[in-house]
Amino acid sequence: MLADNHKKLLENIEAAADRAGRDPQDIQLVAVTKYVGLNEIKEAAKVGIKDFGENRVQEANEKIKQFPELKWHFIGHLQSNKAKDVLPCYTLIHSLDRLSLAKALQRCGERFDLKANVLVQVNTSGEESKFGLAPDELPRFLEIIKNYDRLKVKGLMTMAPFYDNPEETRPCFRELCRLRDQYSSTDYNLEHLSMGMTNDYMVAIEEGATIIRVGSALFG
């Protein structure tokens, strides 16, 4: 079943990219394994998936130990006191959303002599339940953290509200793309837009997503 789901997912990615005049190879699939066991991860790796996403530090530890060859993305809200557990293990942290976390990652980077690849999370929906900077806070935040030499900002991330009609998520994704275009600079390339999940990833791709985070569409 997973192989069939993966094939369908790749077909949908290609179709959405074609509609947007984009190369589907420019879109990175992160398989979300929050509710998935080791056997499913092994099966996903067999069909060629290399990037996996987790949002809970403790629950992810065993998976990372069992599959150190895979690329792991931290996609959940990160508590500052967990920075030391996340930084050495993850290829990309999608959820830098406040200065206190930036400071914690900087300290850990100095301690472990590592750099943290991060995406800045922006709340483009305005929902109070969502984490992330307000769009008008982004330029000041980027200006401050450019002095944090252990942080490598790779782009932006957002989470859209859940709608029965995925079209309703389009303004959230379009806004993130606008912010990326506006605030990319010599200091920050902002290469990546991490946006789109199982319900709305095709709309996100049409609006410029370079990373999509998909769980149930892949694992069922």
| Considering residues of segment 64-83 that are surrounded by 15 or more Cβ atoms within 10 Å (Cβ to Cβ) and out of contact with any strand residue (DSSP E or B) (no Cβ under 7 Å at 6 or more places or on another chain) only, the residue farthest from ILE145 (Cα to Cα) | PHE67
| query | Of all residues in segment 17-26 being over 19 Å from the mean Cα position of the chain (by Cα) and touching a residue at least 24 places away in the same chain (Cβ under 8 Å), which is surrounded by the most Cβ atoms within 10 Å (Cβ to Cβ)? | reply | ARG22
| note | Given the conditions (1) part of a loop (DSSP other than H, G, I, E, B); (2) without any contact (Cβ under 8 Å) to a residue 24 or more places away in the chain, every one holds for MET159 apart from (2)
| How many residues, within segment 185-220, are on the phi > 0 side of the Ramachandran plot and more than 14 Å from the chain's Cα centre (by Cα)? | 1
| In this structure, is GLN106 part of a helix (DSSP H, G or I), touching a residue at least 40 places away in the same chain (Cβ under 8 Å) and polar (S, T, N, Q)? | yes
| Restricting segment 27-62 to residues that are touching a strand residue (DSSP E or B) at 6+ places or on another chain (Cβ under 7 Å) and assigned to a helix (DSSP H, G or I), which is surrounded by the fewest Cβ atoms within 10 Å (Cβ to Cβ)? | ILE41
| task | Could you grab me the full set of residues in segment 144-162 that are out of contact with any His (no Cβ under 7 Å at 6 or more places or on another chain) and surrounded by 13 or more Cβ atoms within 10 Å (Cβ to Cβ)? | result | ILE145, LYS146, TYR148, ARG150, LEU151, LYS152, VAL153, LEU156, THR158, MET159, ALA160, PRO161
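Matching residues to (1) over 21 Å from GLU14 (Cα atoms); (2) modelled with pLDDT under 95; (3) charged (D, E, K, R):
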| residue | (1), (2), (3) |
| --- | --- |
| CYS108 | yes, no, no |
| ASN165 | no, no, no |
| PRO171 | yes, no, no |
| ASN189 | yes, yes, no |
| MET197 | no, no, no |
| GLY215 | no, no, no |
| Across segment 173-208, what is the total count of residues that are in a helix (DSSP H, G or I) and hydroxyl-bearing (Ser, Thr, Tyr)? | 2
| query | Which pairs have Cβ atoms under 9 Å, sit 6 or more apart or on different chains, and link a residue in segment 131-146 that is in contact (Cβ under 8 Å) with a residue 40 or more places away in the chain to one that is loosely packed, with under 15 Cβ neighbours inside 10 Å and of a type in the set (D, E, K, R)? | reply | PRO135/ARG178; LEU142/ASP187; LYS146/ASP187
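The values are calculated or read from the model by the stated rules, or taken from the named source; none is laboratory data. Quick caveat: nothing in here was measured; it's all calculated off a predicted structure. Glycine gets a Cβ as well: all are built from the backbone with ideal geometry, and neighbour counts include every protein chain shown.
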